[in-house]
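A short reminder: the numbers here are calculations on the coordinates, not readings from a lab. Fair warning: this is a prediction, and the values are worked out from it, not measured in the lab. In this analysis, Cβ positions are derived from the backbone assuming ideal geometry, glycine residues included, and neighbour counts consider all displayed protein chains.
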Protein chains: 2
Amino acid sequence: MSFAPLDPILHNQLRLAVVSLLVSLEEADFTFILEKTGATRGNLSVQITNLQEAGYVKVTKTFKDNYPNTKCQLTAKGVKAFEGYVKAIKEYLKT
Amino acid sequence: MSFAPLDPILHNQLRLAVVSLLVSLEEADFTFILEKTGATRGNLSVQITNLQEAGYVKVTKTFKDNYPNTKCQLTAKGVKAFEGYVKAIKEYLKT
DNA sequence: ATAATATAGTTTATATAATAAACAAGTCTA
DNA sequence: TAGACTTGTTTATTATATAAACTATATTAT
């Protein structure tokens, strides 16, 4: 038995939830993610930025009905990182 | 889809590895855990104390061949917490 | 005997990270 | 045009993780 390191970017509840959403949807905006995760706006803003800086998420800012609208989508790097994380943590979970 | 909160005690790489070991073995000493996890002694000492304070691990200190020997075993509370954590995080992992 | 090294941890100090609270910039509505 | 709402960002505080330093005892070599 061995314990592979867990990607610290993904080993965070909110960032993992965001990536988990995006891996299925492949596009979601700030408000949608906010509702699905139950996060605060401040925390979500920070964590989306972190995911962006890690190259896991691509962020596109536009306007929708006059309001700012932030769209997020997973990058290929993000998909790979998620898959790696899932594989790694499953080793910890099996009893 | 919803994202259940992840027990912050278990949502840590080293603590999760320790509990993962103990859930199978139901008894392991400090040095054994050290080898299996690859952690530093300092970090392991802190995290075992955290698990103990959370009531997830019972710690028994004795001497073995003249040296201090720290044995750890999961409590019932620890088992339940681990099961809950596994259930919760699996929701994040399924694509 | 005693100096050097090894064992088995604990404590402390620091750097990083998570999160709430405060702020900003614009929009809608009465 | 004042007040409330939307959609975020920035800042400040708290908490956490971890490495480094330390403690205490035991063993080995001289």
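Data overview
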read-out	value
For the stretch A:12-95: relative contact order, % (alpha-carbon pairs under 8 angstrom, 6 or more apart)	31 percent
Dipole magnitude of chain B, debye to nearest 20 (Cβ charges: Lys/Arg +1, Asp/Glu -1, about Cα centre)	100 debye
Whole-Hz couplings from phi, Karplus 6.51/-1.76/1.60, listed for the stretch A:61-73; x for Gly and Pro	9, 9, 10, 9, 6, 6, 9, x, 9, 10, 9, 10, 9
Amide H within-cut-off set for B:Asn69, under 5 Å, with H built and near neighbours excluded	B:Thr62, B:Phe63, B:Lys64
Within-13-Å neighbourhood charge of A:Gln52 [Cβ basis; K, R +1; D, E -1]	+4
At most 11 other Cβ within 10 Å, DSSP loop - GluC sites (Glu not before Pro), the stretch B:18-95	B:Glu26
Hull volume in cubic angstrom per residue (convex hull over the Cα atoms of chain B)	96 Å³
Cβ-defined net charge surrounding B:Gly84, 13 Å radius [Lys, Arg +1; Asp, Glu -1]	+1
Amide hydrogen neighbours beyond the local backbone of B:Val57, cut-off 5 Å, H modeled	B:Gln52, B:Thr75
Choice from A:Val19, A:Val79, A:Val46 showing the highest fluctuation, given a GNM over chain A with Cα pairs closer than 10 Å	A:Val46
Across the identical copies, how the A:Asn66 labels are spaced - nm, sorted shortest first, 7 Å along Cα→Cβ	8.4
Long-range lysine pairs (8 or more apart or interchain), chain B, Cα under 15 Å	5
Shortest-first distances to equivalent copies, position A:Gly42, nm, label 7 Å out along Cβ	3.1
Neighbour net charge for B:Asp29 - beta-carbon separation under 14 angstrom, K R +1, D E -1	+2
Alpha carbon centroid spacing (whole Å) that separates the stretch A:6-25 from the stretch B:29-54	27 Å
Radius, Kirkwood style, for the stretch A:1-56 when every pair of distinct Cα atoms is counted (Å)	11.9 Å
Virtual paramagnetic centre 7 Å along Cα→Cβ of B:Tyr67, amide N under 15 Å, in the stretch B:8-31	B:29-31
The protein assembly as shown - convex hull of the alpha-carbon atoms, volume per residue in Å³	117 Å³
Interchain or long-range residues, amide H under 5 Å from B:Asp29's placed H	B:Cys72
Nearest-first distances (nm) between copies at B:Lys77, label 7 Å from Cα via Cβ	4.2
